[in-house]
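Enquirer: The structure is given below, and queries will be raised subsequently.
Where a number appears in this text, it was derived from the coordinates with a stated rule and is not lab data. None of the values given here were measured: they were computed from a predicted structure. Cβ coordinates were reconstructed from backbone atoms using ideal geometry, including for glycine residues, and neighbour counts include every protein chain displayed.
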Amino acid sequence: HKLFSRLSADLATINAEYRGLVGCPLCLRLFAAEAIDLEPPVLTEEHIIPGELGGKIITLTCKNCNNTHGSEIDAHLIQMLRSRDSIEGLSDRPFRGRIEIGGMTVPTYIDWKASVGKMTTFALRRFKPSVHEAIRSQMSGGNVKTFNVNLRFDFIPGRADLALLRIAYLTMFREFGYRYILSPAASVIRDIISS
């Protein structure tokens, strides 16, 4: 409610008719203070930098924008950074991937440690027991000369970039308020983020 009051006062300086209201900085829909207290709330606290990345600074956005952007944009930035940490040996999270051996493909976890001079390990994920047994048989029989590994980074680079743009946009909103959000330049950025 404290943040709502601050944002509402800022919006009222632009247009007195908006007194007692807050606009979602992402979709510009207007909300009264009751929107925070509804069950579930329709106006929610939004971490400007995702909480999973250590972000602590918040603003208010509508629940729809918060949820949609979290799953469709922020998740890709989080996964991109996790993947980079794994490649650099800074994470204990294995990659998900697939190994193809003798024409058979199985899902696997890949614990990438080459960047820190340690052995990279592969752990086959649960799959069809018959395929696991066939691979084991080929490996122990010495019939495997090569195998292919595919890593899955599980992020779309363009969406990770959008998440960075969104962080910058919300940071500017936090710093400069609705005058920034309602500027022509910010509307272009908002359109890019929402599309």
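Enquirer: Determine which aspartates and glutamates satisfy two conditions relative to LYS56: a Cα distance under 17 Å, and not lying fewer than 8 residues away in the same chain.
Expert: Those aspartates and glutamates meeting the cut-off are GLU45, GLU46, ASP74, GLU175.
Enquirer: Also: With only alpha-carbon atoms counted, please give the Rg and Dmax of region 59-170, in Å.
Expert: For region 59-170, the Cα-based Rg and Dmax read 18.6, 61 Å.
Enquirer: So what are the radius of gyration and Dmax for the Cα set of region 41-83, in Å?
Expert: For region 41-83, the Cα-based Rg and Dmax read 10.5, 33 Å.
Enquirer: With θ taken as phi - 60° and the coefficients 6.51, -1.76 and 1.60, list the Karplus ³J(HN,Hα) couplings across region 60-75 in order, rounded to whole Hz; mark glycine and proline as x.
Expert: 10, 9, 5, 4, 4, 5, 4, 5, 5, 5, x, 7, 9, 10, 4, 4
Enquirer: Could you sort the peptides 45-53, 171-179 by per-residue average Cβ neighbour count (10 Å cutoff), highest mean leading?
Expert: 45-53, 171-179
Enquirer: Hey, could you pull the Cα Rg and Dmax for the chain, both in Å?
Expert: Computed over the Cα atoms of the chain, radius of gyration and Dmax are 23.7, 80 Å.
Enquirer: Please sort by residue number the trypsin sites (Lys or Arg not before Pro) in region 1-78 whose DSSP state is loop and whose Cβ has at most 16 other Cβ atoms within 10 Å.
Expert: ARG19, ARG29, LYS56
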